[in-house]
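Structure, as structure tokens:
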Amino acid sequence: MDNRLKFPLTHSLLLLLCYAAAVVPGSAAPEYRRSRAPVTYYPQPNDFPNEQLYHAYVVIQRFKNTITCDPRHITSSWIGHNICGKTTYVGFECATLPGHGNNNLTVTSVSFDGFGLCAPRLEGFIDQLPDLALFQASANNFGGDIPSLAGLDYLLKIQIIDEYAQADFSAGTPQRPDFLYLCLKDLLCRLENTLHKEVLPDYTNAKALLLNNNFQSGSLPANLGFSKLSYLALANNNFSGTIPPSIQHLQGSLLEILLLNNQLSGCLPHELGMLTNAAVIDAGMNHLTGPIPSSFSCLSSVEQLNLAGNRLYGEVPDALCKLPAGPAGRLANLSLSGNYFTSIGPACAAMIKDGVLDVNKNCIPGLDNQRRPVECAAFLSQPKTMCRASSTQVKCPAAASQNAAARGNRKARDYYSYVTYATLHG
């Protein structure tokens, strides 16, 4: 089965491959003159310091042959065997990976920011550089599907040093403590030093798909959950259809999911409540309907839960409002405004009083700032999609109980300390 995520790369895309510290400075791309004479020398394997660099040479040359526009003549520097040189192979950087010896250089980062390159696809390029940790390519024009990342599972150990995360690279590697990320086309992707160590759990092999603020459309891939994503941000697009049930398979890896402001419809899926490690679940401003599934009471790690601006109805489950909130818990914000809920229980009433739960613009009698009765009556008289009842009993994953038992005093987090929200505003 082909489990690649089928998003067209016609707009901006940010894909976090893993954490590390090798980052290419974001200076403006220089222009390189074309070589006056064709190069007739083709390096041989023994011209390279090691097999990895020869393999990278083959991959780079193959990709070079697919490039259809190069306004700055960048590829004229992609000649010869000195891939790691300062003036050759512009856009490519090398480093020695941990545990591989000080002389075992390999290509670890590629930065094409501002180069204006055009190529029909990235498949066969970034997925064929197995030690690649960083790929940046804003202001380019690359087509095709998202390449399979199965071969890019190099694990980089994260160490927390002072207030920021730095990867355990060998001496000589740039020391700026950033995420590694993949930027395509015009999206400004800056996580830089603004991200505090609270954002960086001690994860390895963390990946993210951050595709905010575009005009992407179509359905979410049915196989979306069969990835290893830790951060998924698809806000401010035009994605439609349902949230795929496969999302449940991200239970062990997903930390934040941002589906804000799309055209998603159908029932709020039971499987979304199985994401017991997620700190952010934001599906606000869509067309999701039905009651809130009882599985949402399993979200023991959630800090930001936003379902505002949908077509949800029924009772707000009191079990959801019993999630640990406030200074003694994790849940800092539960936004259900702009829906059609008709009742709340005592736990939810207490959460409103504490300022955690927002149910403005609903249909709940006795509360202020609700919809007009005629508006509520019109919605409630419409035929409803058959969804799983919120009262259905559910067995939470074992991780939910472990998370609840491990909670301590919650340290209030700034909005921009969440990866998905930080990248939402670039």
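The values are calculated or read from the model by the stated rules, or taken from the named source; none is laboratory data. All values reported here derive from a predicted model rather than from experimental measurement. Reconstructed Cβ throughout: ideal geometry from the backbone, glycine too, with neighbour counts over all protein chains shown.
Some observations on this one:
- Flag if residue 69 is surrounded by fewer than 19 Cβ atoms within 10 Å (Cβ to Cβ), of a type in the set (A, V, I, L, M, F, W, C) and either under 20 Å from residue 43 (Cα atoms) or assigned by TED's automatic domain parsing to the domain that holds residue 140 (or both): yes
- Matching option when the condition is modelled with pLDDT of 95 or more, hydroxyl-bearing (Ser, Thr, Tyr) and over 31 Å from the mean Cα position of the chain (by Cα), among 337, 343: 343
- Residue in region 295-308 that is in contact with a Leu (Cβ under 6 Å, 6 or more places away or on another chain), of a type in the set (S, T, N, Q) and modelled with pLDDT under 95 present: yes
- Considering residues of region 343-376 that are of a type in the set (A, V, I, L, M) and assigned to a loop (DSSP other than H, G, I, E, B) only, the residue surrounded by the fewest Cβ atoms within 10 Å (Cβ to Cβ): 367
- Qualifying residues in region 82-106 (those that are in a loop (DSSP other than H, G, I, E, B) and surrounded by 19 or more Cβ atoms within 10 Å (Cβ to Cβ)) - the one modelled with the lowest pLDDT: 97
- Breaking point among (1) in a helix (DSSP H, G or I); (2) farther than 21 Å from residue 262 by Cβ, for residue 379: (2)
- Checked against (1) surrounded by 18 or more Cβ atoms within 10 Å (Cβ to Cβ); (2) at pLDDT 95 or above; (3) not hydrophobic (A, V, I, L, M, F, W, C), residue 271 passes all but condition (2).
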